[in-house]
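Below is one structure, written out as structure tokens; the observations come after it.
The values are calculated or read from the model by the stated rules, or taken from the named source; none is laboratory data. All values reported here derive from a predicted model rather than from experimental measurement. Please note: Cβ atoms are built from the backbone with ideal geometry, for glycine as well, and neighbour counts cover all protein chains shown.
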Amino acid sequence: MYRFPIGVIIDSFRTDIPTAVKKAAEVGAQGIQVYSTSGEMAPENMTPAKRRDFIDLVASNGLKISALCGDIGGFTDTKKNKERISKSKEILYLAKELGTDVVTTHIGVVPESPQHERYKVMQDACRELAEYADSIDAHFAIETGPETSSVLKDFLDTMNSKGVGVNLDPANLVMVTGDDPVQAVYNLKDYIVHTHAKDGKQLFYKDPEIVYGMVKSVIVTGNSFEEVPLGEGQVAWPEYLAALEDIGFKGFLTIEREVGDNPEKDIRNAVLFLEKLMS
């Protein structure tokens, strides 16, 4: 089996950036992803000197930057989209400056029907970002989860652009929509530029519109899913990795651990789990 490079979202370590980058190298990763939506890694705070320092920090630890995370709240509100599109363009430009061409983000829940009023709002925003990404040879990568892969594919097909892509998160698919990550690989094969290595379980089905805060419900309450360590959830990892290899994917499997009392241990075990599957 092809050995995909393994990355880590360094924010998962829940420590300062230099320490997190060092830990990523120590657990055996080859790359890192970092949030660039606010704080010290936000474009407005990254002076030319700080950009050079971060590039040197990553390289000195023998790592590459797999992607930046530019998740700023989605593109479902026309009143907020102008500012969010502008910020996303700044993050895309920062990504290129730092040596990666991928920015991952959530865009909101894509409606099944193109006639839904929100569909065009999201479509217009993503088209503008895709056009900009194309102009700088980058990818604005939509993270899977809020909708099935077939709905997302149909939406992406309307873009007619290589600037828009997919960050495939298999756990989000099983946890929220109950979709099959293996089939998602084939559905989205023309768009996948990055992946998150995360696992989870769906406890019961809850409308993604409720899960992602698009609508409120006082009837359906409680967590409908749980994130678990890699290999302990409902993602069929051997079949999923085989599908990625089958479509010719060459990018990163970037580990994301958003919960748990000992994320460093979980990340280290995740690296070992992936390495064993690829050995």
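Annotations
- Thr37 buried (at least 16 other Cβ atoms within 10 Å of the Cβ) and either without any contact (Cβ under 8 Å) to a residue 24 or more places away in the chain or among the polar types (S, T, N, Q) (or both): yes
- Search result, residues across region 157-191 that are surrounded by fewer than 24 Cβ atoms within 10 Å (Cβ to Cβ), out of contact with any helix residue (DSSP H, G or I) (no Cβ under 7 Å at 6 or more places or on another chain) and either of a type in the set (Val, Ile, Thr) or assigned to a loop (DSSP other than H, G, I, E, B) (or both): Asn160, Gly178, Asp180, Lys189, Asp190
- Looking only at region 1-33, residues that are among the β-branched types (Val, Ile, Thr) and either part of a strand (DSSP E or B) or over 21 Å from the mean Cα position of the chain (by Cα) (or both) come to 5 in all.
- With respect to (1) farther than 25 Å from Gly74 by Cβ; (2) part of a helix (DSSP H, G or I); (3) free of Cβ contacts under 8 Å to residues at least 24 places away in the same chain, the lone exception for Asp261 is condition (2).
- Failed condition for Leu57, given (1) within 15 Å of Ile10 (Cα to Cα); (2) touching a Gly at 6+ places or on another chain (Cβ under 7 Å): (2)
- Subset of region 241-267 [touching a strand residue (DSSP E or B) at 6+ places or on another chain (Cβ under 6 Å), modelled with pLDDT of 95 or more and aliphatic (A, V, I, L, M)]: Leu253, Ile255, Ile267
- If you check Asp154, Asp137 for being surrounded by fewer than 18 Cβ atoms within 10 Å (Cβ to Cβ) and not in a helix (DSSP H, G or I), only one passes: Asp137.
- Flag if Lys206 is among the basic types (Lys, Arg), over 20 Å from Val110 (Cβ atoms) and assigned to a loop (DSSP other than H, G, I, E, B): no
- You will find that of Ile9, Ile107, Ile72, Ile55, the residue that is in contact with a strand residue (DSSP E or B) (Cβ under 6 Å, 6 or more places away or on another chain) and either over 24 Å from Asn269 (Cα atoms) or surrounded by fewer than 17 Cβ atoms within 10 Å (Cβ to Cβ) (or both) is Ile107 and no other.
- Condition met for Lys89 (assigned to a loop (DSSP other than H, G, I, E, B) and touching a residue at least 24 places away in the same chain (Cβ under 8 Å)): no
- Residues in region 58-86 that are part of a helix (DSSP H, G or I), farther than 30 Å from Pro111 by Cα and out of contact with any Lys or Arg (no Cβ under 9 Å at 6 or more places or on another chain): Ala59, Ser60.
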